[in-house]
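I have placed the structure first, in the form of structure tokens, so that the comments after it can refer back to it.
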Amino acid sequence: MAISFLASEISDLCLGKPPLRPLPTTATIADAVLALKTSGEIYVSVWSSEHSNSVVACNDTGCCRCVGKICMVDVIVHLCKEENLSHPLDALQSNVSDLITKVKGQIRHLEPNSSLLEAIDCILEGAQNLVIPIHNNARTNLRKSQLTQSPLHAPTLHYTQEFCWLTREDVFRFLLNAIGVFSPIPTFTIEDLNIITKQTLTIHYEDPAISTLPLISHSLSAQTSIAVINKDNRLLGEISPFTLACCDETVAAAISTLSAGDLMAYIDHSGPSDNLVHLVKMRLQERNLSAMLDLMDDYYNPSSSSSSCCSSDEEFGSTKNGAVGRLIYPGRRSTAIVCHPWNSLMAVMVQMIALRVSYAWVVQEDYTLVGIVTSSEILKQFRSVVAS
């Protein structure tokens, strides 16, 4: 039964998925930031095409390809470079290709009739997003083409063809809906399944946050997180790319001036305190980073509300609502997402899906860090059904 389920077509996972809004490779980083803030999505897809004119009709899905994706974490890491901290506005005018990862295979194109097993194999080979063409009837395409001509709608048509993409979260949800076919695997503990990875990305609470930059890039690529620990190896919190992706670009100033512990408080869902914002500004002044200070002032208004979260009903990215600007979802707490070695695989999966992450820290009862469970290790368990 499990094998037949894994033969399901991935078109079943695409139902209701919104079409991707393309960003051309000729765009600037500032264009990508604007796209992120206006689309309400955590990622924006970057596309290359053989055509130079976007109005050219093309029914061949091979003539345009998604070559990468960008989120606010990429922008923040870019701005944290020493030369860009001094000239952030110039850095935002760089070409968007500067942010696209050089790691091949993170974006894969698949056909709608590809199997779930093929999708899992692509993910285990390193794919983070699977780009799938959306096949609509002519009437639907005409209606959507008319919508994209309106200034109120960002274009989603790639030369008359629309695409969506699938993530690990989508695959996880689909698997969980039919978890019974994989019995008894979901009932085993993560310790019994031997899927706890001991090697983790960690930083001490007092360490400067700027030292996390390589770790942030690595955790974004691996879709994991950075554990913030004390001298006794106890987990105090995390600096997660999933949280950073909900922040605006001014968080680069906080990363370059605060400790890891203070950064956790700065990016927490409720936003930083006025004292933390003042500390960041003071340290920017000490380093003569006036341009970054000006960028912060564009977002921070002491007379406004101290909350930086936005509800799902607010216009994303349009309000300078105090401290750190939130974009897509209400910011998630920097409290680490944890489980225990004796928790079942299904319990860990449910937690990951509920919190929209692809990992969970494994700790003992006293929060001593044991390791991490990742979505890749979990998918290997379901993939093993075919191999066995």
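The values are calculated or read from the model by the stated rules, or taken from the named source; none is laboratory data. Everything numeric in this text was worked out from a predicted model, so none of it was measured. Please note: Cβ atoms are built from the backbone with ideal geometry, for glycine as well, and neighbour counts cover all protein chains shown. Note: accessible area is taken over every heavy atom of the protein model, side chains too, but ligands, DNA and RNA are not part of it. Shrake-Rupley method; radii C 1.70, N 1.55, O 1.52, S 1.80 Å.
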When every protein chain stays in place and a 1.4 Å probe is rolled, Lys69, Lys198 sorted by accessible area with the largest first are Lys198, Lys69
For the pair Ser211 and Ala30, the simple spin-label estimate (label points 7 Å beyond Cα toward Cβ) gives in nm 3.6
Where labels lie 7 Å past Cα in the beta-carbon direction, separation of Val385 and Thr101 in nm: 2.7
What is the distance in Å between the Cα centroid of segment 90-135 and that of segment 167-238? 21
Students often get this wrong: which residues of segment 1-30 have the backbone nitrogen under 20 Å from the point 7 angstrom along Cα-to-C-beta of Asn113? 4-15
Which entries of Lys37/Lys81; Lys81/Lys231; Lys17/Lys69 have Cα-Cα distances beyond 26 Å here? Lys81/Lys231
Residue separation between Asn194 and Thr38 times 0.36 nm, minus their alpha-carbon distance, gives in nm 51.9 nm
What accessible area per residue, rounded to a whole number of Å², is obtained for segment 171-281 using a probe radius of 1.4 Å? 39
Among 246-258, 183-195, 166-178, the order from most to least packed when residues are scored by Cβ within 10 Å on average: 246-258, 166-178, 183-195
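Please list Tyr205, Tyr299, Tyr43 from largest to smallest accessible area, probe radius 1.4 Å, with all protein chains kept in place.
Tyr205, Tyr43, Tyr299
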Considering only protein heavy atoms, what per residue accessible area in square angstrom results for segment 349-388 with a 1.4 angstrom probe? 39
